[in-house]
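The values are calculated or read from the model by the stated rules, or taken from the named source; none is laboratory data. Since we're looking at a predicted model, the values are computed, not measured. Note that each Cβ is placed from the backbone with ideal geometry, even for glycine, and that neighbours are counted across all protein chains shown. These area figures cover heavy atoms from the full protein model, side chains too; ligands, DNA and RNA do not enter into them. Shrake-Rupley method; radii C 1.70, N 1.55, O 1.52, S 1.80 Å.
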Amino acid sequence: MYSAILLAGGKGTRMQKSVPKQYLLLAGKPVIIHSLERLDELDEISEIVVVCEREYTATITQLLTQYNIAKEVVFALAGQTRQESVYNGLKKAKNSMVIIHEAARPFATINDFKRLIAANSENALLGYSIPYTVVEGDKKLDGILDRSKLINVQLPQKFSKSELLQAHEKAFREGCKFTEDASLLFYYEKSNIEIVEGSNYNIKLTEALDMLIGEIIYKEYIARRR
Amino acid sequence: MRTCVITGASSGIGRASAIMLSQTREYDNYALIGRNIKGLEETAQNMASDINVYIINADLSTPENLPHIVDEIAEKYGTIDCLLNIAGYTEPASIFSTTYENIQATYTINCFSPFILMRECAKYMKKKGGKILNIASTAGMSPRPGWVSYASSKAAMISISQTLTEELAEYGIKVYCISPGRCATNLRKKLAPDEDPSTIMQPEDVARIICNLIGEGGNCIDGQNIVVRQKIK
Ligand SMILES: NC(=O)c1ccc[n+]([C@@H]2O[C@H](COP(=O)([O-])OP(=O)(O)OC[C@H]3O[C@@H](n4cnc5c(N)ncnc54)[C@H](OP(=O)(O)O)[C@@H]3O)[C@@H](O)[C@H]2O)c1
């Protein structure tokens, strides 16, 4: 059994909206509900740990009733950084295996979750090839990266809770910051982390334009699913 | 075991649909919601004998209790797979004679209560899919002087159905909307008292279309306002 950790702590400043993006309506329902409904459908998940700001727990609790989410949901407080939020979520999770997902990725499908869960390795991530060229540099080009060796790291990801917690504690002691957990775990534990093929529909809603693209993805990819 | 919830089954189109649908064996359990218990019992007596019927006394002009009723049906039968919003009300009057009570009652019975039933039943259909059918009317599609509350409430029902078709598609819940023309029932008598009922559609004509839409298998005409009208009699 898995505990799902759903990261919903972002403030959405890049969207320039007064409401954080996970509560904006996408295809008529709050962004966070898209993921909660998916997680609620998965038999392999026994609890959902929602990591959010304290002032949003009441809003989410009300949404859970309105959308008839049956699974047990507990809350963990969002930290100053994404890394701290995951750490807080891990400490609340009851099961020995965790799936980490983020509310800002509403298009991970049931099938994506199932393939991730079915991966042989305990630790796995969804990853997708990078369709454009990425180079190193700031104001001037500093180096060339080989696109064929690069992977776009997506969520959801799955981990052994104890291994990931241990790595987080090391990172905390050393004050090291990572943008996501597969890199953190790899850095500290050199763990075997499997890459399961993701999809380019599984976008992260970051900027205002993503909400427009999201409406199209929902119509063509999610609503026509059945 | 599959469960179908029907309003308006005490007479007219609702009764004919309940009886005809029960014969298809598509659903095992039927929850009939209405005020006229005697009428509902008569309907139940004419339905197939090997199905379960649960008669619920409820007035759709007070929607507050509907969520509780839906929970009760789901608890009793374990699932809700289909909802037929057939009940309807009309009190034809000109603008100056239309009271607030008239338009409020008409909208409550024709739109608000069906909406609450859709919302509550959809909560139970979300994980496995389901079917919802709403009855609007051709009166909701063109101006009808003297029927302002009824016709506009039916126009609202067309829009509610179209909007919710899109919102519920992801869950595999199909929403159908039919707009019958003139059909020989008590409600029609109120709208056109002097009409000879034998010259217009019969409730069974509309019921047949309803059974086709929500019967076995799926079909792709959800989300459209399906006009059921007899051109020549
Ligand atoms: N007949 C037509 O020409 C025509 C055309 C287009 C659309 N329609 C629509 O078809 C639907 C069925 O009507 P019908 O023509 O078959 O007329 P009907 O025989 O008079 O049936 C109306 C049904 O609505 C129910 N109803 C009315 N007020 C209610 C309330 N407050 N609470 C609960 N149930 C209530 C009645 O049940 P109880 O008495 O048990 O409460 C009855 O079963 C209606 O929505 C109507 O608008 C009819």
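Tabulated data
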{"quantity": "Nearest 10 degrees, 0 to 90: helix B:37-46 Cα axis against chain B principal axis", "calculated": "60 degrees"}
{"quantity": "Residues with amide H under 5 Å from that of A:G198, placed H, sequence gap 5 or more", "calculated": "A:G127, A:Y128"}
{"quantity": "Set of lysines with alpha-carbon distance to B:K231 below 25 Å, sequence-local pairs under 8 removed", "calculated": "B:K154, B:K189, B:K190"}
{"quantity": "Of all accessible heavy-atom area on the protein assembly as shown, the percent that carbon and sulfur account for (1.4 Å)", "calculated": "52 percent"}
{"quantity": "Stretch gain in nm, segment A:S148-A:S162, where the contour uses 0.36 nm per residue and the Cα spacing is subtracted", "calculated": "1.8 nm"}
{"quantity": "Residues with amide H under 5 Å from that of A:G79, placed H, sequence gap 5 or more", "calculated": "A:S85"}
{"quantity": "Pairwise label distance in nanometres, A:N111 with B:K76, each label 7 Å out on the Cα-Cβ vector", "calculated": "4.0 nm"}
{"quantity": "Rounded to whole Hz, the Karplus (6.51, -1.76, 1.60) HN-Hα couplings of segment B:53-68, x for glycine and proline", "calculated": "10, 10, 9, 10, 7, 8, 9, 6, 7, 10, x, 4, 8, 4, x, 5"}
{"quantity": "Zone residues, segment B:187-213, relative to B:N36, backbone N less than 13 Å from point 7 Å out along Cα-to-Cβ", "calculated": "B:187-190"}
{"quantity": "Amide H within-cut-off set for B:E91, under 5 Å, with H built and near neighbours excluded", "calculated": "B:Y150"}
{"quantity": "Which of A:E189, A:E169, A:E180, B:E75 is most accessible, then next, and so on - probe 1.4 Å", "calculated": "B:E75, A:E169, A:E189, A:E180"}
{"quantity": "Those residues of segment A:98-116 whose amide nitrogen sits under 20 Å from the label point placed on A:E72, 7 Å along Cα→Cβ", "calculated": "A:98-101"}
{"quantity": "Cα centre as origin, Lys/Arg/Asp/Glu Cβ charges: segment B:3-228 dipole, Debye", "calculated": "240 debye"}
{"quantity": "Size of electric dipole in the protein assembly as shown: Cβ of Lys, Arg +1 and of Asp, Glu -1, about Cα centre, debye, nearest 20", "calculated": "640 debye"}
{"quantity": "Förster radius 22 Å - calculated FRET efficiency between B:I95 and B:T163, Cβ distance, rounded to 0.05", "calculated": "0.20"}
{"quantity": "Centre separation in Å (Cα based) which lies between segment A:84-136 and segment A:170-215", "calculated": "7 Å"}
{"quantity": "Alpha carbon centroid spacing (whole Å) that separates segment A:57-82 from segment B:7-83", "calculated": "36 Å"}
{"quantity": "Aspartates and glutamates with Cα under 12 Å of A:K190, excluding same-chain neighbours fewer than 8 positions away", "calculated": "A:E163"}
{"quantity": "Point-charge dipole on Cβ atoms (K/R +1, D/E -1) for segment B:124-200, about Cα centre, debye to 20", "calculated": "280 debye"}
{"quantity": "Rg(Cα) / (2.2 N^0.38 Å) computed for segment A:2-225, rounded to two decimals", "calculated": "1.00"}
{"quantity": "Ranking by accessible area, most exposed first, for A:M211, B:M125 with a 1.4 Å probe", "calculated": "A:M211, B:M125"}
{"quantity": "Relative contact order [Cα under 8 Å, 6+ residues apart], segment B:2-148, whole percent", "calculated": "26 percent"}
{"quantity": "HN-Hα J in Hz across segment B:75-81 - Karplus 6.51, -1.76, 1.60, θ = phi - 60°, x for Gly and Pro", "calculated": "5, 5, 10, x, 8, 10, 10"}
{"quantity": "Over 18 Å (Cα to Cα) - which of A:K219/B:K174; A:K92/A:K158; A:K161/B:K127; A:K94/B:K123; A:K94/A:K204; A:K91/A:K158 fall in this group", "calculated": "A:K161/B:K127; A:K94/B:K123; A:K94/A:K204"}
{"quantity": "Chain B - Cys residues lacking any other Cys C-beta under 4.7 Å", "calculated": "B:C111, B:C121, B:C177, B:C183, B:C211, B:C220"}
